[in-house]
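**Q** There's a structure below that I have some questions on.
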Amino acid sequence: PSTPTNGQTLVYNAASGQWRNESPTAGALTLAGLTDVSPTTPTNNQVLTYHAASGQWRNQSPTTVDDIISCYIDASPDLIAVGKKAYKVIPYNCTVTGWYVVASSSGTIAWDLKKSTFASYPTTATIVSGSSPKLTAQSKNSNTSITGWSPLSAGDVIDFHISSNTDITNSGLFLKVRRTS
C-alpha cells in the first residue's frame, strides 16, 4: 500500500489480491456505530480483542507472549565436560522469567548463560546474576521467578556453558522468556 493518511483504512481488493489504503466512503461504518464494539480511548499499540462473555470487541494492550529457548546436551556414556556447549541468536527482545533443568539421572550440574551483541561476538558476559540454573543431587530443578538477569535483545548471541558437573551425562536447560517487543 501507499503511505496512509489519517483516517484511511486497509481494504482488500480480491481482483488484485492486495490490501490498499482507502478513505472511508460515505456511510462507512465507524467503531462507535457497531453494537459489538466497545472501544475506550485507545493508547499506542493497543489492539481490538474479542471478549466472548460480553460478545464485544474491546481495545486493549496486547497480551504478553511467553516462549521457551532450550539447549540439550547428550555426552552419553561420558560426563558432560565443562565449557561452552551451544549458542543461539535471539530473534526478539525478551526477558528471562524462569528456567528448568532436567537430566536422565540424579547428579550435580551448573549452567551459565553468556550474551553478546552480534557485532561484539565472541566476547560475552554472563546474564545470570549469581543465580545459575543447576541441579544439586537432583534430576530436575526449576526457578520460575527469575529477577536480576540481564534482558536479551533481538540479534544478541547467547552461549550455553557448563560451569561444573558431577555424574551428569545428559541435561537440558529450558529458559522461559517473555517477549518485550
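**Q** Ranking request for peptides 80-89, 47-56, 148-157: highest mean number of other beta-carbon atoms within 10 Å first, then the rest in descending order.
**A** Details: 80-89: 14.0, 47-56: 10.9, 148-157: 16.6.
Most protected by this proxy first, the peptides run 148-157, 80-89, 47-56.
**Q** For Cα pairs less than 8 Å apart in space and 6+ apart in sequence, what is the mean separation divided by the residue count of segment 33-154, i.e. the relative contact order in percent? Working shown, then result.
**A** Values: 164 pairs, mean separation 28.9, N = 122.
Worked out over segment 33-154, it gives 24 percent.
**Q** While we're looking at this one, here's another question. When the chain is treated as a GNM, springs tying every alpha-carbon pair under 10 Å, which of Thr41, Thr166, Thr144 comes out with the largest mean-square fluctuation?
**A** Residue with maximal mean-square fluctuation among Thr41, Thr166, Thr144: Thr41.
**Q** Per the 1.4 Å probe, what fraction of the accessible area of segment 98-163, in percent, lies on carbon and sulfur atoms? All intermediate terms of the calculation are to be shown ahead of the outcome.
**A** Values: 1650 of 3100 Å².
Heavy-atom surface of segment 98-163 belonging to carbon and sulfur, 1.4 Å probe: 53 percent.
**Q** If the only charges are +1 at each Lys and Arg Cβ and -1 at each Asp and Glu Cβ, what is the size of the charge dipole of segment 65-126 around the Cα centre, to the nearest 20 debye? The partial results should precede the final answer.
**A** Working: 5 positive and 5 negative charges, 50 e Å.
Dipole size: approximately 240 debye.
**Q** Return the lysines within reach of Lys115: Cα separation strictly under 24 angstrom, same-chain partners fewer than 8 residues apart disregarded; answer none if there are no such residues.
**A** Partners within reach: Lys84, Lys85, Lys88, Lys134, Lys176.
**Q** Okay, next question. Counting only other residues whose beta carbon sits under 15 Å from that of Cys94, what net charge do I get with K and R as +1, D and E as -1?
**A** Numbers: positive: Lys88, Lys115, Lys176, Arg178, Arg179; negative: Asp66, Asp67, Asp156.
Around Cys94, the charge tally is +2.
**Q** Arrange the peptides 120-133, 94-107 so that the one whose residues have, on average, the most other Cβ atoms within 10 Å appears first. Walk me through the intermediate numbers first.
**A** On the way: 120-133: 14.4, 94-107: 18.1.
The packing order, highest mean first, is 94-107, 120-133.
**Q** Under 10 Å from the Cβ of Ser116, count the other residues' Cβ atoms, weight Lys and Arg +1, Asp and Glu -1, and hand me the total. Walk me through the intermediate numbers first.
**A** Working: positive: Lys114, Lys115; negative: Asp156, Asp159.
Result for the local shell: 0.
The values are calculated or read from the model by the stated rules, or taken from the named source; none is laboratory data. Worth saying up front: this structure is predicted, and the values here are computed from it rather than measured. Here Cβ is always computed from backbone atoms with ideal geometry, including for glycine, and neighbour counts include all displayed protein chains. With ligands, DNA and RNA removed, areas are computed over all heavy atoms of the protein, side chains included. Shrake-Rupley method; radii C 1.70, N 1.55, O 1.52, S 1.80 Å.
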